[in-house]
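Working notes, beginning with the structure itself.
The values are calculated or read from the model by the stated rules, or taken from the named source; none is laboratory data. Model, not experiment: these values are computed from the prediction. Methodologically, a virtual Cβ is constructed for each residue, glycine included, from the backbone with ideal geometry; neighbour enumeration extends over all protein chains shown. In case anyone asks, the SASA skips ligands and DNA or RNA and just uses the protein heavy atoms, side chains included. Shrake-Rupley method; radii C 1.70, N 1.55, O 1.52, S 1.80 Å.
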Protein chains: 2
Amino acid sequence: MESKFQELEARLVVIHDLNAANAVLQWDQQTLMPSGGAAARGRQLATVGRLAHELQTDPALGRLLDDLRPFEEQQPYESREASLIRVARRDYEEAVQVPPAFMAEFLRHGAEAYEVWTRARPANDFAMVQPYLETTLDMSRRLAEFFPNRDHLADPLIGFRDYGMTAAMVRNLFTELREQLVPIVHAITSQQPADDSCLHKHFPLDKQWDFGVDVVKRFGYDFERGRQDKSPHPFTTSFSIGDVRITTRMKENRLEEALFSTMHEAGHAMYEQGIAPEFEGTPLAGGTSAAVHESQSRLWENLVGRSRAFWEYWYPALQNTFKEQLHDVTLATFYRAINKVQPSLIRTDADEVTYNLHVMMRFDFEMDLLDGKLQVRDLPEAWRERLHHDLGVEPADDRNGVLQDVHWFDGYVGGAFQGYTLGNILSAQFFDAATQAHPGITADMQRGAFDTLHGWLRDNVYRPGRIFTAAELVERVTGGPLRVGPYIRYLREKYGMLYTL
Amino acid sequence: MESKFQELEARLVVIHDLNAANAVLQWDQQTLMPSGGAAARGRQLATVGRLAHELQTDPALGRLLDDLRPFEEQQPYESREASLIRVARRDYEEAVQVPPAFMAEFLRHGAEAYEVWTRARPANDFAMVQPYLETTLDMSRRLAEFFPNRDHLADPLIGFRDYGMTAAMVRNLFTELREQLVPIVHAITSQQPADDSCLHKHFPLDKQWDFGVDVVKRFGYDFERGRQDKSPHPFTTSFSIGDVRITTRMKENRLEEALFSTMHEAGHAMYEQGIAPEFEGTPLAGGTSAAVHESQSRLWENLVGRSRAFWEYWYPALQNTFKEQLHDVTLATFYRAINKVQPSLIRTDADEVTYNLHVMMRFDFEMDLLDGKLQVRDLPEAWRERLHHDLGVEPADDRNGVLQDVHWFDGYVGGAFQGYTLGNILSAQFFDAATQAHPGITADMQRGAFDTLHGWLRDNVYRPGRIFTAAELVERVTGGPLRVGPYIRYLREKYGMLYTL
């Protein structure tokens, strides 16, 4: 049995290494690759991805996992051994469900649709991508149908990124959140918006870069095991537990852009850096779900990085870095500016409060599209109507409407967005648990110290990697299931100080 | 037959893509990777390399190549089809000669020996690596013995990098070169060495970088299909014909270091960028031998970059870049400085004239080690004696003697060095052929134009990739075999203007 387990590890590390190689190829593609490398790089990614998929679906792997059942049952549930077998089996069973020919066609279509979208978006031409999106929707349905064990067609699609979650669960949570969130949004938006002009002066890029790096170093992001580069869209990628990289983008007239994106990505990256080193090279070395991953990025970006306590320490340093721009801007003004709430068109630029309405709208559209209640051709109009209804704003064109997000255009329809709002909800729930365990965390932030918070997250959230499902992790760490309460309480308290609620 | 050929192409592109993925992993490792990524990266490289080797030695590939013999014979020798089959068969037959278990052990030992060398060199401790080098020598012999078709044990080892070359051929060429070179070296070194102090002032790194980039852009190195980064040891790497990258290293007090290393690597890179685009993803997309590759780097570095004609155009620009440092340095002084001949200890720092004596010494040692005429333990002393005899200098320690080159410590003994001098010889022979075809090339250089030279090299040397062996290529391009004459003539003419010969 020992030797069978070693054989399993040997098989899994090859899959892991091929996926890591592809992550390096992608990171390079998005940060440094010269344009001339694009065609061959696409081919290389496809080749390596196909080999990884072949090994991931090798029937011999399935037999090995079957043979290891008795061994697995002898080991404690939380042990490295039992967890490795359990998670590897889950990955295997998911992968073999989809016929390779369909998967190849699906990926080929995704690459093509993405390429069309990159041209359609700047051209503001929804008609150009509409047939591709229709095919994507059709293929998303067929993809879901390979998984017979479901209540709703979206369940397997949601499960790819948020294992254990279903359409019904997300719907219930979102309904509850919506009921409590909409009155807050209405209360705030009926008031005078904050003045954030202090963020839109001229801020030299090199100083922005250095300040962001200082902050995330202090958070605990380890530059000996990572690095930051520039890319058109910020992202985090992991090649191993010892090499987890982030990217950012900077604008001279938007101080908040790079700053909060760096904190956000560092939150993702600290999660991956904090996984137990003994999981390196195994499928346990990863975040347990999209929602839990997003909870870590949003916790550091918002609950820490947009908090008053944080800036009580850091604002003098920021003023010192940008003397000319900020010397006459008070901490109170700056704090209001970085927490300005205002309905807007673009999800990724939205404030903490209205952001979730963007996500819930997309989730509802995904469900309606899958259910056949909404047609792709009607999406631009539905988008305008719903945004007007929810936020009182309306995009003048599709570029700033239905074409803004990459998700549906490089993947599938269904399950692409819920993780963002689930992550917001969880960020408050985890932060609550951390401050209950260590009430001094806020005082620590006021003096620029994050060790206790980072240590608590590392021990409780990061270290287990994929040992626990998201639901198991939340239960263990917070003593109950995912709950909307802490997040709403956080928003009410924070925005109650800034606005009349 | 058509479908068999397509199957061959499909198999070869997978091998090519895995090797390209490993090239990206290595490039990243040597340029940007944080230290924490080292352990996992070594494992990832080994995994991807092993998979590539398995596919390269798959018996099904061998059968396919057998089946394709009739098809190959119907196609013209120079056609893409016949060449692809021919070169793929050569690669296959070489790869299957070595048992996988030996190859794995050989690579494992190489990685270990390299790691020990990286510590032994700064510690000046030859005894530390001696047992590893003894094992390397033993394994080099065993590796060679897998190839029964040889006159000398070194022949297959030489052939790995310089296909078609044998120990006897190299020995004959080197004997001839040596006879003509030694009198030139003696004549020069009996005279007053040139004053190169103008190169050792303080030169800001960013300006050095920009100047080097300007020069190689003008050569024709295409930054849309490549980029330059920094690394401890400069190198060129190709991920595809559309993505060929170079690296450099810079020192503030050594103007010549980055400048000529950038030209050198750009020479390698233009070769890879210039291969016919229809060979992308196939084994034809590469340099045909180490010697021909080195001929291109040395041609651009020395025959162009260290020529008087080149600097007649570029020196005013360099003076303008480094006004303070060079305003009172004449072109004649600068030209003498960058062509200073002085016996020295380190091969990679040696001037054009004495460089080849370093290489020939190493080649002779390799042959003597393989033949059992020289023992590894006697190598440091033999090194000192031979250097003293050939160049009249003697290293004070092994760090600057036998431990200076990585080659024997990360690979095999035999065949590691001859390509450098063969490349020097060829660089003059190719340049001769180019100027015979286009006598205006030197006048072009005097006005900063390289189109004709670059175009001739692209059409004659770069485009064929691996279609022709080095011997075939030299014959086609220069109308005869590799010859020492043009190189000696080049040295006599050039250094006859600088010294009394």
_Criterion first (under 21 Å from residue A:449 (Cα atoms) and assigned to a helix (DSSP H, G or I)) does residue A:291 satisfy it?_
no
*For region A:290-308, enumerate the residues that are farther than 15 Å from residue A:355 by Cα and polar (S, T, N, Q).*
A:296, A:307
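Among the residues of region A:195-218, which ones are crowded, with 22+ Cβ neighbours inside 10 Å and either within 29 Å of residue A:282 (Cβ to Cβ) or without any contact (Cβ under 8 Å) to a residue 24 or more places away in the chain (or both)? Walk me through it before giving the result.
Within region A:195-218, the first condition is being crowded, with 22+ Cβ neighbours inside 10 Å, and the residues that meet it are A:203, A:208, A:212, A:215-216.
Hit for region A:195-218 is A:216, nothing else.
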*Could you say which residue among B:405, B:444 is more than 24 Å from the chain's Cα centre (by Cα) and not hydrophobic (A, V, I, L, M, F, W, C)?*
B:444
_Residue count for region A:448-495, restricted to those that are open to solvent by 40 Å² or more (accessible area, probe 1.4 Å) and either modelled with pLDDT under 95 or over 27 Å from residue A:339 (Cβ atoms) (or both)_ = 11
*Please go through region A:100-132 and pick out each residue that is acidic (Asp, Glu) and outside any loop (DSSP other than H, G, I, E, B).*
A:105, A:112, A:115
*Could you tell me which numbered condition residue B:226 fails, if it satisfies all but one of (1) within 14 Å of chain A (Cβ to nearest Cβ); (2) surrounded by fewer than 20 Cβ atoms within 10 Å (Cβ to Cβ)?*
(2)
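Please go through region B:391-410 and pick out each residue that is in a helix (DSSP H, G or I) and in contact (Cβ under 8 Å) with a residue 60 or more places away in the chain.
B:391, B:398, B:399, B:408, B:409, B:410
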_Only one of B:265, B:257 is within 15 Å of residue B:223 (Cβ to Cβ), away from chain A (no Cβ under 14 Å) and not β-branched (Val, Ile, Thr). Can you tell me which?_
B:265
*Residue match in region A:320-337 (condition: acidic (Asp, Glu) and either buried (at least 18 other Cβ atoms within 10 Å of the Cβ) or in contact with a His (Cβ under 8 Å, 6 or more places away or on another chain) (or both))*: no
*asked:* Being under 23 Å from residue A:180 (Cβ atoms) and surrounded by fewer than 21 Cβ atoms within 10 Å (Cβ to Cβ): is that true of residue A:359 here?
replied: no
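Among the helices (runs of 4 or more DSSP H) lying completely within region A:1-99, list those that include at least 1 residues that are open to solvent by 20 Å² or more (accessible area, probe 1.4 Å), in contact (Cβ under 8 Å) with a residue 40 or more places away in the chain and at the interface with another protein chain (Cβ under 10 Å from one of its Cβ atoms). It would help to see each step written out before you state the result.
Numbers: elements: A:2-31, A:38-56, A:59-67, A:69-74, A:80-96.
Output list reads A:2-31, A:38-56.
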_Enumerated helices (runs of 4 or more DSSP H) restricted to region B:411-501, each holding at least 2 residues that are within 22 Å of residue B:307 (Cα to Cα)_ = B:418-437, B:441-446, B:451-457, B:485-498
